[in-house]
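One structure is given below, encoded as structure tokens.
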Amino acid sequence: MIAQMARRVDRGVLVTSRIDVEPSELDIEGLEIVEARKSMRFPGATAFAASGAVSRILRGGNFNIVHDTFGHLLPLFAQRWRHRNQVHLTSLYSLVEWDLRNTLWPDYKLRTVTHPNLRTWYSRTAIQLATIGLADAVVVQAPGLKERLAESISRPGRKTYSIANNVIPPDTVVSPLESPDSQTISLLLVGGLSLGKGAGKLISLLARAKDRRIPVRAIAVGTLSPMESTRPVDHKYLREQIESAGVEDHITYHFRVDRSTLERFYTESDWLFHVTALDGSPRVALEALVGGLPVIGSRHPGVTVLDPKNEFILFADPFDPDALLDQLLKEQIESAAHNQRAEKGREHMMKYHSNEAVSEQYIELYSRLLSEQQSRTAKS
């Protein structure tokens, strides 16, 4: 999407903590890439590095909008008085304060600053709320997040816009299988095995499938096995749940995989399991759908917005393992219905979440914000 937008403006600058694509993919005239490497020396080091890099760019060029898309420019936003004629914009894919208050506190039953996972969420919450307070406008990447944001931010005149996340181009994904290659129902979970992302529900589904003698297997990508590591707070609890249910052999774990391996997992799976309570605009769900892999999803605002007509996502809220297993069995038999669901998902993604579609929305928003800023400057 950065490439699409850079072609439409005179000059663009991309600041990232890591360049993870080939230089040729972003070799575009008018696009400058600055790498502010992530530092583990102390919390916030990357934010100061990124803000410093952007400040140097601002001093050396004529820029009229600063868009913080990854929460690293708070130090720069705090000095925005030095750049009064610029629009400061931030975008959010999740609302960590809402998640902390409504999901993590109730689930973990902990509110202590000594808890390592919660310390991270407290700092993320403080940074996000401060950035929102300093920004001229806020983009939430799912319409339903507007209401959640309103619960935390009541500042009059706050301008909030909704622009959904974009999906990778279609020529970089693979086509789905024509039909399941075995009687086993294959589920894929990407992005980490944690309570907030539905790991507990996945375990209960596997346990119920085992009781009913239904062959269901899961692949978890982007996570360490809780059977081997107890460092993450969730993992001790999840290990106990897995051992209690006796489903150790029903889940395969992969910590980090390359792009081609992930695409193979998309191809070889029957469903993406994404019954999350936290992700605001899940890129993994977009990628799965555009690749023809249907999604088992939650009623999180960032997920429901992907399928407003309930055509291709199998929503699993409230979570009922038996009802979900019955539906999975039905579609395992009726492969035509499963393939039709997959095709509808692919068509919807390419129409509403393509790079081109989302780029046009951002360019329109930038134009509107700059016009309003110029009007305010003229009046003053």
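Working only within the range 267-307, note down all residues that are of a type in the set (Val, Ile, Thr) and in a loop (DSSP other than H, G, I, E, B).
Val275, Thr276, Val305
Considering only the range 199-223, state which residues are without any contact (Cβ under 8 Å) to a residue 40 or more places away in the chain, crowded, with 17+ Cβ neighbours inside 10 Å and either not charged (D, E, K, R) or not assigned by TED's automatic domain parsing to the domain that holds Ile333 (or both).
Matches in the range 199-223: Ala199, Ala220, Gly222, Thr223.
Which ranges mark the helices (runs of 4 or more DSSP H) fully within the range 78-181 that have 1 or more residues being among the polar types (S, T, N, Q) and modelled with pLDDT of 80 or more?
So the answer is 116-134.
Going by what's in this entry, would Ile185 be described as closer than 17 Å to Tyr266 by Cα, aliphatic (A, V, I, L, M) and at pLDDT 50 or above?
Taking the combined requirement at face value, the residue satisfies it.
If I go through the range 73-86 residue by residue, how many of them are in contact (Cβ under 8 Å) with a residue 60 or more places away in the chain and under 25 Å from the mean Cα position of the chain (by Cα)?
Selection size over the range 73-86: 1.
Identify all residues within the range 18-65 that are of a type in the set (Ser, Thr, Tyr), under 25 Å from the mean Cα position of the chain (by Cα) and at pLDDT 75 or above; write none if there are none.
Thr46, Ser51
Considering only residues that are assigned to a strand (DSSP E or B) and either under 22 Å from the mean Cα position of the chain (by Cα) or surrounded by fewer than 21 Cβ atoms within 10 Å (Cβ to Cβ) (or both), which ones fall in the range 224-253?
Within the range 224-253, Thr252, Tyr253 qualify.
Considering only residues that are buried (at least 17 other Cβ atoms within 10 Å of the Cβ) and aromatic (Phe, Trp, Tyr), look in the range 64-97 and name the one that is nearest to Arg119 (Cα to Cα).
If we take residues in the range 64-97 being buried (at least 17 other Cβ atoms within 10 Å of the Cβ) and aromatic (Phe, Trp, Tyr), then Tyr93 is nearest to Arg119 (Cα to Cα).
The values are calculated or read from the model by the stated rules, or taken from the named source; none is laboratory data. Not measured: the values here are computed from a predicted model. Every residue, glycine as well, gets a Cβ built from its backbone with ideal geometry; the counts of neighbours run over all protein chains shown.
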